[in-house]
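Readers should treat all values here as calculations from the given coordinates under stated rules, not as data from a laboratory. Bear in mind that the values here come from a model prediction, so they are computed numbers and not experimental data. Here the Cβ is made from the backbone with ideal geometry for all residues, glycine too, and neighbour counts use every protein chain on show.
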Amino acid sequence: MTDQSTAESLKKLRREIDRHNHLYHVLDQPEISDAQFDALMNELLALEADHPDLVTPDSPSQRVGAQPASGFQEVRHPVPLLGLGNAFDEDEFMAWLRRAADMLERDDFDLVCELKFDGLAVALTYEDGILVRGATRGNGTSGEDVTLNLRTIRSVPLRVPVKENGIRPPARFEVRGEALFPKSAFERFNEQRREQGLPTYANPRNTAAGSLRQLDPRLTAERPLDIFVYSLGWAEGPAPETPVPDTHWERLSFLADLGFKTNPHNRLVSAPEEATDFHKQWLEAKEDLDYGCDGSVIKINRLDFQQHLGHVGREPRWAVAFKFPATQETTQVEDIRVNVGRTGSLNPYAILEPVNIAGATVKQATLHNEDYIRSKDIRIGDWVVVERAGEVIPQIVTVIESRRTGEERVFEMPDTCPSCGGPAARKGEEAVTLCDNPACPAQLVRLVEHFVSRGAMDIEGMGAKQGQALIERGLLSDVSDLYALKMEDLVAIDRMGEKSSANLLAAIEKSKEQSLSRLLTALGIPHVGSEVAEVIAGRFLKLDALMDAAAEDLEAIDSIGPKIAEAVVEYFANDANREVVRKLRERGVNTEQEAEEDAGPQVLEGLRFVVTGRLASFSRSEIQNRIKALGGAVSGSVSKNTNYLVAGADAGSKLADAQRLEVTVLDEDEFQALIESKQGLVNEVRSP
Ligand code: IVH
């Protein structure tokens, strides 16, 4: 091959690789498999190895430089990188908008809504279509030259050629954006470090910052950083055939056309309410993003308006960071304690130095079980990052190992139950430590709480407090004793009047009629939740039959595996449990149910549902079972594959997800109507 034609082949190959790289890392729409991509890359490497003189710095083979830098040069930003003023609530956001409107003497301007990425700001400079410099923001006036490290980020184009559609980059220009460590990649990265016995990192943001400041770009390359570009910093001639657009929105799409990764969630809006809606929507949905996002950024679209508004100090008047309330804070683990769950599980939890997170004081975090504590290596005295997301129990995200002093104490799971003092141990492969004394008082409180709950026997007016009081008075030694309670027992409890005692007795009485599946749920057999209980009850119909069933009988049921089968058999093999059941029956609790009628045509077959919010005529599990009985599938979160969201009152983030993904939302009546219309169709087809 002549050098001429080799050079041609190399050029074509590089273009092809660049194109696939863009499809994969920028657009998230790969056209070829990883293996096919690797094959192209290997072809390039082989050709370049034979022709080292033809290797160019913008070749995709040259992302990771071999030469570690000895330090970072300071670079002055030709145009300073400004910061952003903050708005912490809607009032502050509206105040910002009003000030801008006053200065512009109009209020009919468009706004661009963007996400505020929680990474670090970088500036990329291109000359004649080639990436020549990448720098950190630094203090805004000058930053550090981290070109070699930024080159390792696959979504940073090394070359910005004239596009096929004629779009041409300016001769010299700078784009600005945010470098990030994707959350999923961060978890994998920490997982690997843990396996290698290396200290883990506290959060994706700091790790992204640390990665960009690695002296050896090979280390940066091992960390899959990403970038979102959010503005054109500056651009200069010679006058391009493609003029640089004069609104921010068009500039974003210009940058995307040039091959940069812009955020697909950016929106152009014309009314302030649309901007606040955008903000609220992402407040709910931000956890679904694979990168940190701590607010929205609202920008005035027209560049001439931006110029007119100018900036105060380092903060532009034409943009504002509309922040979400923080959901993570750092605090210290003061102690690790254990409580006892209803199945006798010893549940460790952390006592934290109280810390305010998004308006609520957090004092405790769940630690799940012994393995969880080991895998995160959480010690008493550790500084930790704590997260509170929505209604979820606070969690320890990570330990800040760099703040250890050596004074921290490793927690040992107790080998006796903290409530009854009986032996506690792990069974087989299970992560939980169990107290296997069925008469353990702490267990009984939890079991009573579960027994009376809405999805189980549904006894209103009874809860952990009343249960505890009755247990202390010796009136409850197992759940069957609920059905022997008398008026005088209840009025003796603190804050229980005659009226509420009478109501409670009536609720207890009524619960005797609950279905077998609810009773099974209520017993609190390990691994038997309401869905499993329904399946088992539907098959055995009588509690007696189930009590004498062998593991094989249970495993013969479609959705029942060996773990559940074994748990059920073991539960009924225990004499204490059999005695509870006997007493329940003796005291009038229903232990049977009728066979279900033939499920009928599977009219919802192939359809995927998500159920959310409070429903009026169904419990959540009832409607889910109904869907399944009709052949539909139920999942926990809304995705592109969801066909319908059935939403009750106070539907939260799932509703927002559905709206964003354009998934059809049904209320209960519409859900009924859907089923009826489908059943109608089937009947029509069936009847001659
Ligand atoms: S625009 C003058 N847009 O926020 C405009 N900044 O305090 C300033 N940031 O460190 C930048 N997401 O890195 C802009 N969509 C976004 C952003 C964003 C995150 C960061 C930026 C800077 C800080 C500004």
| Directionally averaged shadow of the chain, computed from the convex hull of its alpha-carbon atoms, nm² | 41.8 nm²
| task | Highest first, please rank the peptides 93-102, 276-285, 495-504 by the mean number of other Cβ atoms sitting within 10 Å of their residues. | result | 276-285, 93-102, 495-504
| said: With an 8 Å Cα cut-off and a minimum separation of 6 or more residues, compute the relative contact order for the range 369-485 in percent. | reply: 16 percent
| note | Projecting the Cα atoms of ALA135, ALA507, ALA647 onto the charge dipole of the chain, where Lys and Arg contribute +1 and Asp and Glu -1 at Cβ, the residue farthest towards the positive end is ALA135
| Among 433-445, 507-519, how do they line up from the highest to the lowest mean number of other beta-carbon atoms within 10 Å? | 433-445, 507-519
| note | Relative contact order as a percentage, the range 1-117, C-alpha pairs under 8 Å and 6+ apart, gives 18 percent
| query | Taking N as the number of residues in the range 479-523, what is its Cα Rg relative to 2.2 N^0.38 Å? | reply | 1.27
| message | Per DSSP helix of 4 or more residues, -39500 (n - 2.57); summed, then divided by the residues of the chain. What does that give at 222 nm, rounded to the nearest 500? | response | -11000 deg cm²/dmol
| remark: Of the residues LEU27, GLN672, PHE609, the Cα lying farthest along the dipole of the chain towards its positive end, which is defined by charges on the beta carbon of Lys, Arg, Asp and Glu, belongs to LEU27
| Just how many % of Cα pairs in the range 42-92 lie over 18 Å apart, if you round to the nearest whole percent? | 64 percent
| request: Can you tell me the alpha carbon radius of gyration of the range 458-574 divided by the globular rule-of-thumb value 2.2 N^0.38 Å? | output: 1.26
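What's the magnitude of the charge dipole for the range 322-464 around its Cα centre, counting Lys and Arg as +1 and Asp and Glu as -1 at the beta-carbon? Answer in Debye, nearest 20.
Here the size comes out at about 160 debye.
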| query | What number comes out for the charge environment of GLY143, summing +1 per Lys or Arg and -1 per Asp or Glu over other residues with Cβ under 9 Å away? | reply | -1
| task | Identify unpaired cysteines across the chain, taking unpaired to mean no other cysteine Cβ lies under 4.7 Å from the residue's Cβ. | result | CYS113, CYS293
| Mind checking the alpha-carbon convex hull of the range 17-157 and giving the volume per residue in Å³? | 185 Å³
| Only Lys, Arg (+1) and Asp, Glu (-1) charged, at Cβ; the chain dipole about Cα centre in debye | 1240 debye
| Once the dipole of the chain is set up with Lys and Arg at +1 and Asp and Glu at -1 on Cβ about the Cα centre, which of ALA358, ALA121, GLN468 lies farthest towards its positive end? | ALA121
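Treating only the Cβ of Lys, Arg, Asp and Glu as charged (+1, +1, -1, -1), what charge dipole size does the range 298-392 show about its Cα centre? Round to the nearest 20 debye.
Values: 12 positive and 12 negative charges, 83 e Å.
Once rounded to the nearest 20, the dipole reads 400 debye.
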| request: Rank by packing, highest mean first: peptides 198-208, 263-273, 222-232, 327-337, with packing defined as the count of other Cβ atoms within 10 Å averaged across residues. | output: 222-232, 198-208, 327-337, 263-273
| remark: P(r) of the range 615-688 over all Cα-Cα pairs, 5 Å bins starting at 0, rounded to whole percent, reads 3, 14, 23, 25, 18, 9, 5, 2, 1, 0
